[in-house]
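Peer 1: Okay, handing you the structure first.
The values are calculated or read from the model by the stated rules, or taken from the named source; none is laboratory data. This is a predicted model, so every value here is computed, not measured. Here the Cβ positions follow ideal geometry from the backbone for every residue, glycine too, while neighbour counts run over all protein chains shown.
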Amino acid sequence: MTVSADGLSDEEVRSILSLKRVVVVGMSKDPAKPAHYVPKYLHEKGYEIVPVNPTADEILGLRSHKALSEVKGPVDVVEVFRPAEEVPGVVREALQLKPRAIWLQSGAYHPEAVELARRNGVKVVWDRCMMREHRRLFGS
């Protein structure tokens, strides 16, 4: 059984990846950036992507929210594409939405934010790419 620095087994990551409504904080309009092509890949694989970007009205033809607090309805995963120093604020805001998991893209790790999420019963993935993990665990 493979276990990463976040302590999650492949089975736990697979169960998080089986959740289908993903709110993407910091989703980019730039197709060359991972914050664009990773959620685009997930969208193409059948995930419901909810962009959050204060400078965009629409990304991938999807309505973009200016802030996490604008997102309505159940949230399965909050995927975070923000610098590490912004992660605690994002996690505090995300917890208001009661997500089942928070996914910190590679480079977005912040120990206090991880601890806060875990204390609130939310699984946290860090230093992993959702697209890469999806490909590894489910194939292309």
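Peer 1: Report whether or not Y109 is surrounded by 13 or more Cβ atoms within 10 Å (Cβ to Cβ), modelled with pLDDT of 95 or more and not aliphatic (A, V, I, L, M). Outline the logic, then answer.
Peer 2: On the way: surrounded by 13 or more Cβ atoms within 10 Å (Cβ to Cβ): yes; modelled with pLDDT of 95 or more: no; not aliphatic (A, V, I, L, M): yes.
It is false that Y109 is surrounded by 13 or more Cβ atoms within 10 Å (Cβ to Cβ), modelled with pLDDT of 95 or more and not aliphatic (A, V, I, L, M).
Peer 1: Hey, another quick one. Within segment 43-66, which residues are within 16 Å of S28 (Cβ to Cβ) and small (G, A, S)?
Peer 2: Answer for segment 43-66, where residues must be within 16 Å of S28 (Cβ to Cβ) and small (G, A, S): A56, G61, S64.
Peer 1: So how many residues does segment 1-26 have that are within 14 Å of R128 (Cα to Cα), touching a residue at least 40 places away in the same chain (Cβ under 8 Å) and outside any loop (DSSP other than H, G, I, E, B)?
Peer 2: Residues that pass the stated criteria total 6.
Peer 1: What's the number of the condition V91 fails, among (1) surrounded by 22 or more Cβ atoms within 10 Å (Cβ to Cβ); (2) within 14 Å of L17 (Cα to Cα); (3) aliphatic (A, V, I, L, M); (4) touching a Leu at 6+ places or on another chain (Cβ under 7 Å)?
Peer 2: That leaves (2) as the condition not met.
Peer 1: Quick check: anything in segment 31-53 polar (S, T, N, Q), surrounded by 17 or more Cβ atoms within 10 Å (Cβ to Cβ) and without any contact (Cβ under 8 Å) to a residue 40 or more places away in the chain?
Peer 2: Within segment 31-53 (the criterion being polar (S, T, N, Q), surrounded by 17 or more Cβ atoms within 10 Å (Cβ to Cβ) and without any contact (Cβ under 8 Å) to a residue 40 or more places away in the chain), the answer is yes, since at least one residue qualifies.
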